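The values are calculated or read from the model by the stated rules, or taken from the named source; none is laboratory data. Note that this is a predicted model, so its numbers are computed, not measured. As a convention, Cβ positions derive from the backbone with ideal geometry for all residues, glycine included, and neighbour counts pool all protein chains shown. Protein only, heavy atoms only, side chains kept; ligands, DNA and RNA dropped before computing areas. Shrake-Rupley method; radii C 1.70, N 1.55, O 1.52, S 1.80 Å.
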Amino acid sequence: MNKVVKNANEAIEGMQSGQTFMLGGFGLCGIPENTIKALVASGLTNLTCISNNAGVDDFGLGLLLRKHQIKKMISSYVGENKEFERQLLSGELEVDLIPQGTLAERLRAGGAGIPAFYVPAGYGTEVGEGKESREFNGKMHLLEFALTADFAVVKAWKGDTMGNLVYRETANNFNQAMAMAGKITIAEVEILVPAGELNPNEVHTPGIFVQRIFQGVDYEKRIEFETVTE
Amino acid sequence: MSLDKNGIAKRIAQELKDGYYVNLGIGIPTLVANYVPENIEVVLQSENGLLGIGPFPKKGEADPDLINAGKQTVTTIAGSSFFDSSLSFAMIRGGHVDLTVLGAFEVTDTGDISSWKIPGKMVKGMGGAMDLVAAAKNIIVATTHTDRNGEPKLKTKCDLPLTGIKCVKTIVSDLAVIEVTDKGFKLLERAPGVSVEEIIAKTGAPLIVEGDIPEMKL
């Protein structure tokens, strides 16, 4: 079973304006750089994007925002992007802000076939407005629904031709849950190897969740806040 | 004299116990890591997928794949582990994290907290704060006692959008250590040289004061 496509352009084939897509990463860590570039070049518009963050002004998701390709963002924290904040305050961009753990679990649930679940996060706040609530063990919880998307785009460290993925360090973050939640999941990897070369004990995302995989090129891996000790 | 940021962090570090798993928020809470008592072992959790946060890397050794929840480059310690975001919040939501320390705009005497949004002005999002306050077994707020305009941050009702309700257990400010009890704010300790009267004057809610209030030992 060979899921390898040539590059990012081939990987996003069939994606259409108006669709929903997920993008892995936390800040700029573990983002699918190649596919973001291909999406910018594609000119697709009216997209709904599920991503924990919104990149920075000139990198990551910020590149798509700058070209007004995104209609709606579903995120937990968007603090490092001024263009995003401008579009939001001016009403050009729709934004759904979700507690980070709830977002992660909605993605996991989406991939795991669990339509809804209860969590305590956000009860009593504006996040809970209009949501069904219920008490369990003396504590109030909110009903939250699973999230899926037409496309999930994830970045892994290593992958094989069957779509098995291994993430590196904290570059895993949202990639693993999103890989499960896409109708079509695209994985771009730093190192693509033939099936059989990854240690099955170390696979994070089994290939069944991945439809297209390609070897990425020219990773910049920009650091958002480089902090060092003297 | 009121405490500076490091003083607040130092006092909070005294609340750590051997074997604790701790999540430290951005700002003053991060500084708590610098004052962990030498005779105890605590493991720091970062909600982006790291258990066992190490110090900042040496110059030239920063790894773009290894960051904390504040998106700063960090390192690991012996015994660290990596995991995905859903597992990370399973640790938090499941009550496996012993203590959460975070900052706040406002805290009420029933333990409500606002910390994430100033309508029309700041729309950054709540990140993991709502998950943390809703689930942590013990929550300490690290804050200045008043805001930049001298207005109390400890009050009877939050004016800004809430992060969570009935969740804060303890507040360590530049002036005092205050416990949130069933009956409201209770003054436990005062910063060295700060009077009980000053603390009462700068708190925007009734304060329970019983007997002599000791100075913090830093």
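Do we have A:Glu13 as part of a loop (DSSP other than H, G, I, E, B) and closer than 30 Å to B:Ile26 by Cα here? No.
Regarding segment A:21-34, can at least one residue be identified that is of a type in the set (Val, Ile, Thr), more than 14 Å from chain B (Cβ to nearest Cβ), closer than 19 Å to A:Gly182 by Cβ and in contact (Cβ under 8 Å) with a residue 24 or more places away in the chain?
Quick first cut of segment A:21-34, residues of a type in the set (Val, Ile, Thr) only: A:31.
Still in the list and also more than 14 Å from chain B (Cβ to nearest Cβ): none.
The answer is no, given that none of the residues of segment A:21-34 is of a type in the set (Val, Ile, Thr), more than 14 Å from chain B (Cβ to nearest Cβ), closer than 19 Å to A:Gly182 by Cβ and in contact (Cβ under 8 Å) with a residue 24 or more places away in the chain.
When B:Thr30 is tested against the conditions (1) more than 12 Å from every other protein chain (Cβ to nearest Cβ); (2) farther than 25 Å from A:Gly24 by Cβ; (3) buried (at least 18 other Cβ atoms within 10 Å of the Cβ), the lone failure is (1). Could you grab me the full set of residues in segment A:18-58 that are within 15 Å of A:Ala152 (Cα to Cα) and open to solvent by 30 Å² or more (accessible area, probe 1.4 Å)? Once the filter is applied, which keeps residues that are within 15 Å of A:Ala152 (Cα to Cα) and open to solvent by 30 Å² or more (accessible area, probe 1.4 Å), segment A:18-58 yields A:Gly18, A:Gln19, A:Thr20. None of B:Glu47, B:Glu15, B:Glu41 is under 22 Å from B:Ala136 (Cβ atoms), in contact (Cβ under 8 Å) with a residue 40 or more places away in the chain, of a type in the set (D, E, K, R) and out of contact with any Gly (no Cβ under 6 Å at 6 or more places or on another chain) except B:Glu15. What residue, among those in segment B:67-87 that are in contact (Cβ under 8 Å) with a residue 12 or more places away in the chain and of a type in the set (Ser, Thr, Tyr), is nearest to the other protein chains (Cβ to nearest Cβ)? Across segment B:67-87, the extreme among qualifying residues is B:Ser85.
From the list B:Val133, B:Val107, the one residue that fits, being at the interface with chain A (Cβ under 9 Å from one of its Cβ atoms), open to solvent by less than 10 Å² (accessible area, probe 1.4 Å) and modelled with pLDDT of 95 or more, is B:Val133. Scanning segment A:194-217 for residues that are within 14 Å of another protein chain (Cβ to nearest Cβ) and open to solvent by 70 Å² or more (accessible area, probe 1.4 Å) returns A:Glu202, A:His204.
Being open to solvent by 50 Å² or more (accessible area, probe 1.4 Å), farther than 18 Å from A:Leu61 by Cβ and of a type in the set (D, E, K, R) narrows it down to one of A:Glu126, A:Glu144, A:Glu92, so name that one.
Values: A:Glu144 fails: open to solvent by 50 Å² or more (accessible area, probe 1.4 Å); A:Glu92 fails: farther than 18 Å from A:Leu61 by Cβ.
Matching residue, one of A:Glu126, A:Glu144, A:Glu92: A:Glu126.
Among the residues of segment B:17-26, write down those that are under 12 Å from the mean Cα position of the chain (by Cα) and within 17 Å of B:Thr170 (Cβ to Cβ). Show your work before the answer.
If we filter segment B:17-26 for residues that are under 12 Å from the mean Cα position of the chain (by Cα), which is where we start, we get B:22-26.
Within segment B:17-26, B:Val22, B:Asn23, B:Leu24, B:Gly25 qualify.
If you go through segment B:88-109 and keep only what is of a type in the set (A, V, I, L, M, F, W, C) and either under 22 Å from A:Ala179 (Cβ atoms) or free of Cβ contacts under 8 Å to residues at least 60 places away in the same chain (or both), you end up with B:Phe89, B:Ala90, B:Met91, B:Ile92, B:Phe105.
For every residue, the table says whether it meets (1) part of a loop (DSSP other than H, G, I, E, B); (2) of a type outside the set (S, T, N, Q); (3) in contact with a Gly (Cβ under 7 Å, 6 or more places away or on another chain).
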position: A:Leu143; (1), (2), (3): no, yes, no
position: A:Asp150; (1), (2), (3): no, yes, no
position: A:Lys155; (1), (2), (3): no, yes, yes
position: A:Asn173; (1), (2), (3): yes, no, yes
position: A:Glu188; (1), (2), (3): no, yes, yes
position: A:Ile191; (1), (2), (3): no, yes, no
position: A:Phe214; (1), (2), (3): no, yes, no
position: A:Arg222; (1), (2), (3): yes, yes, no
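Quick test for you: out of A:Glu85, A:Glu105, A:Glu80, pick the one residue that is open to solvent by 20 Å² or more (accessible area, probe 1.4 Å), part of a helix (DSSP H, G or I) and under 21 Å from B:Met122 (Cα atoms). Give the derivation first.
Numbers: A:Glu105 fails: under 21 Å from B:Met122 (Cα atoms); A:Glu80 fails: part of a helix (DSSP H, G or I).
Step by step, each of A:Glu85, A:Glu105, A:Glu80 is checked, and only A:Glu85 is open to solvent by 20 Å² or more (accessible area, probe 1.4 Å), part of a helix (DSSP H, G or I) and under 21 Å from B:Met122 (Cα atoms).
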